[in-house]
Amino acid sequence: MKFIDIHVHKHYEDNKSVLLINLFPTDADKINPARFYSIGLHPWYVNQETLTKDLGTIVQALSNSNVLAIGEAGLDKNIEVPYIDQLKAFEQQLDIAEKYKKPVIIHCVKAYDDILSIRKKSNQSIPWIIHWFNASEQIAVELVKKNCYLSFGKMLFKENSRAFRVFMNLSLNKVFFETDDTGISISQVYSKAAQVRNISLSALQKHIKNNFNNCFGNVL
Ligand SMILES: [Zn+2]
């Protein structure tokens, strides 16, 4: 059974893994029909002048059946892009996601309360995947209740991180794993996760494959 890397920017050759490659709108011409993608406007690159064009590019890319998700999109309180502009770009992408029934890969830095409150008030049903999840257990529980998945990677190797503590108790039906170009391999992430949860690697692979099919509609 394969490893699923739910968030990575650069394609890598690995016949043991399935990748969900993140594209920015400027990369839309790189779509290869043999690979899976998410496409979205990252908060770092939100620009009022190109927003309409970028959103148009995203919608157009969604006509490829192998473009499975919107993202990464989200909110980041550590950067200089005006927060109000980030919010506008994020909410517009959420509307596109709901309209085209595509899950969203979410980038969140210091904005978990806002992500959660947007999720609660939007009443959206399409799953969100919070990539590089690193927040409190309370936030995790609430997001999961609202049909969100949490994705873990390098932080699982930091046993005093919030990510690690959350992962220890999280339902495996709401988990994904990722490399996010951090230099770690997806099989290393799975092995670490299987070890800390005390289950076999193959049982863990089965869980994540089910999650992938539940989230994206039986593509594997
Ligand atoms: Zn990323």
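The values are calculated or read from the model by the stated rules, or taken from the named source; none is laboratory data. On a predicted model such as this, the values are computed, not experimentally measured, just so you know. When we count neighbours, we look across all protein chains shown, and the Cβ atoms used for this are built from the backbone with ideal geometry, even at glycine. Just the protein is used for accessible areas: all its heavy atoms, side chains included, with ligands, DNA and RNA removed. Shrake-Rupley method; radii C 1.70, N 1.55, O 1.52, S 1.80 Å.
Work out the FRET efficiency for Asp85 and Ser185 from their Cβ-Cβ distance, taking R0 = 41 Å, and round it to the nearest 0.05. Can you show the working numbers first?
On the way: r = 36 Å, r/R0 = 0.88.
Calculated value: 0.70.
Going down the table (Lys2/Lys88; Lys10/Lys206; Lys101/Lys206), which pairs top 30 Å between alpha carbons? Distance filter (> 30 Å) returns Lys2/Lys88. Straight-line reach only, C-alpha to C-alpha below 19 angstrom: list the aspartates and glutamates that Lys110 could link to, leaving out same-chain residues fewer than 8 apart. Once the sequence-local aspartates and glutamates are set aside, what remains near Lys110 is Glu72, Asp76, Glu80, Asp85, Glu91, Glu137, Glu142, Asp180.
Other residues whose C-beta falls under 10 angstrom from the C-beta of Thr57 contribute a net charge of -2, scoring Lys and Arg +1 and Asp and Glu -1. Only residues of the range 108-122 count here: report those whose backbone N is under 11 Å from the spot 7 Å along Cα→Cβ of Lys146, or say none. What the label zone holds, given the 11 Å backbone N cut-off, is 112-122.
For the range 140-211, the square roots a ≥ b ≥ c of the C-alpha gyration tensor eigenvalues yield an a/c under 1.5, which makes the shape rounded.
I'd like the accessible area for Ile139: 1.4 Å probe, protein heavy atoms, all chains in place, Å² to the nearest 10. Solvent-accessible area, nearest 10 Å²: 20 Å². Translational diffusion coefficient of the range 3-216 (Stokes-Einstein, Kirkwood radius from Cα pairs, 10 °C, 1.306 mPa s): 92 µm²/s. Within the accessible area of the range 3-216, what % is carbon and sulfur when the probe is 1.4 Å and the other protein chains stay in place? Using a 1.4 Å probe with all protein chains present, the range 3-216 comes out at 49 percent carbon and sulfur. Using the Cβ-Cβ distance between Gln195 and Arg162 with R0 set to 30 Å, the FRET efficiency from 1/(1 + (r/R0)^6) comes to roughly 0.95. Just tell me, in residue order, which DSSP H segments of the chain are both 18 angstrom or longer along the helix axis (alpha-carbon based) and at least -1.0 in mean Kyte-Doolittle hydropathy. Helices meeting the criterion: 83-100, 201-216.
Where does the charge balance sit around Asn22 when Lys and Arg score +1, Asp and Glu -1, over other residues with C-beta under 14 Å from its C-beta? That sum, taken over residues with Cβ under 14 Å, equals -2. Per residue, the solvent-accessible area of the range 3-216 (1.4 Å probe, heavy atoms of protein chains only, all protein chains present) comes to 46 Å². With contacts taken as Cα pairs under 8 Å at a separation of at least 6 residues, the chain carries a relative contact order of 18 percent.
Could you state, as a whole-number percent, how many of the C-alpha pairs of the range 49-120 are farther apart than 17 Å?
42 percent
Could you tally the net charge around Asn210, taking each other residue with its Cβ under 15 Å from the Cβ of Asn210, Lys/Arg +1 and Asp/Glu -1?
+4
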